[in-house]
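Below is one structure; the comments refer to it alone.
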Amino acid sequence: MEIAPVVIVLHGQRFPLGSGEAATLDSFLNVPGLTVARLRGRLRGGGEGDIITITDDAERDALQAALEAASQDQRYFTGALPALLEAARKPTAGP
């Protein structure tokens, strides 16, 4: 399945991902769970230039876990993925 380029919005920041970066993220969203399935569905279901806004900690946690795993292989952890990981490490909701 070809993954189209997307823009992930987290904490009001836009992180444009090319199709290769989006595919890398998709491949690391492999932990079972409703939140991961929903996030993966949003990533796969969008057309070119689709915007995915992360608004809750469950999705942010799933995103962070996938990015942490992807960051282990620097060949694929490129472009906006490192900055997105840094943003994903911050909680979406205040105390």
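What net charge is computed for the residues neighbouring G12, neighbours being all others with C-beta under 14 Å from the C-beta of G12, Lys and Arg scored +1, Asp and Glu -1? Kindly include the intermediate steps, with their values, before the conclusion.
Numbers: positive: R14, R60, K90; negative: none.
Residues near G12 contribute +3 overall.
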Exercise. Roughly what % of DSSP beta bridges within segment 6-88 run antiparallel, to the nearest 5?
Worked result: 50 percent
Exercise. In nm, to one decimal, how far is the T55 label point from the K90 one, both placed 7 Å along Cα→Cβ?
Worked result: 1.9 nm
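What Kirkwood hydrodynamic radius do you get for segment 6-88 when you take the inverse of the mean 1/r over all pairs of distinct Cα atoms, in Å? Write down the numbers at each step before the final one.
Values: mean 1/r = 0.0807 Å⁻¹.
With all distinct Cα pairs of segment 6-88 included, I get 12.4 Å.
With charges set only on the Cβ (+1 for Lys and Arg, -1 for Asp and Glu), what does the dipole of segment 6-88 come to about its Cα centre, in debye to the nearest 20?
Working: 7 positive and 11 negative charges, 34 e Å.
So the dipole magnitude of segment 6-88 works out to roughly 160 debye.
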Exercise. If the chain between A37 and E2 were fully stretched, how many nm would it gain, using 0.36 nm times the residue separation less the Cα-Cα distance?
Worked result: 10.9 nm
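Just so you know, all these numbers are worked out from the coordinates, no wet-lab data involved. What you are looking at is a predicted structure, and each value in this text was computed from that prediction instead of being measured. Glycine also receives a Cβ, built like all others from the backbone with ideal geometry; neighbour counts cover every protein chain displayed.
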